[in-house]
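The values are calculated or read from the model by the stated rules, or taken from the named source; none is laboratory data. Model, not experiment: these values are computed from the prediction. With ideal geometry, Cβ positions are generated from the backbone for all residues, glycine too; neighbour counts draw on all protein chains shown.
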Amino acid sequence: MAAPPSTTTAQVSQIHQLAVPLPRTADTSLHLHLTIASHHILLFLTTTSANHSLERSLLSIPGVNTSSTSGGEDVLNPVRAGDSAVPRGRVGVGSFVYAMPSLINKKETICTPLIPDMATLETTERIARILARRLQVPVYLGNSMSFAAMGGGGSVEEEMGVVKDVVEVVVGAFGKSREGP
């Protein structure tokens, strides 16, 4: 009979969670959940705001209608039978992509959207490609960030500033995880 597999330090993943105030906002936070595994990273990004009118709502998804239930709760009608209703004002799942560094050219990446959401897809792909290229590991990235609460309403400069900050935090955490305890 074979011996049970042993757990090595290479198989153990590190989890980092961080919430920071979004620059140029009064009440919006950026939340980051990073899992660093031996051969890939998994990153989820989202923003939350005390002002629900600024959050991106599921109501903007085409084909989803609103209704009131008999209990007086406002919920979204399911798109398909069997889907569960989601409370109004909650942010959708956003985009989820997979990016990996090219085996031929270290400056290129390959990126595939697994769950595309047009409002967040471009930013999600950009961050995933940068991380895959810099870290030389595959990246799974989920993003439902909204920059509407920022001073300029989420201008390109504001968005790029957040992208830069996210990349710096992830690269720093990844570097520390590779150094060991």
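Pairing each residue of the range 13-41 that is touching a residue at least 24 places away in the same chain (Cβ under 8 Å) and within 16 Å of Gly172 (Cβ to Cβ) with any residue that is outside any strand (DSSP E or B) and of a type in the set (S, T, N, Q), provided the two are 6+ apart or on different chains, yields C-beta distances under 8 Å for Gln14/Ser177; Ile36/Ser13; Ile36/Ser177. Of the residues making up the range 110-163, those that are under 20 Å from Leu34 (Cβ atoms), surrounded by fewer than 21 Cβ atoms within 10 Å (Cβ to Cβ) and touching a Lys or Arg at 6+ places or on another chain (Cβ under 8 Å) are Cys111, Arg133, Gln136, Val163. If you go through the range 24-45 one residue at a time, do you hit one that is assigned to a loop (DSSP other than H, G, I, E, B), modelled with pLDDT under 90 and either of a type in the set (Lys, Arg) or within 18 Å of the chain's Cα centre (by Cα) (or both)? Checked the range 24-45: at least one residue is assigned to a loop (DSSP other than H, G, I, E, B), modelled with pLDDT under 90 and either of a type in the set (Lys, Arg) or within 18 Å of the chain's Cα centre (by Cα) (or both). Regarding Gly172, is this residue at pLDDT below 90, in the same structural domain as Leu18 (by TED's automatic domain parsing) and more than 14 Å from Thr46 (Cα to Cα)? No; evaluated as a whole, the condition is false for this residue. Checked against the criterion of being under 13 Å from the mean Cα position of the chain (by Cα) and free of Cβ contacts under 8 Å to residues at least 24 places away in the same chain, the candidates Glu157, Glu122 yield just one match: Glu122.
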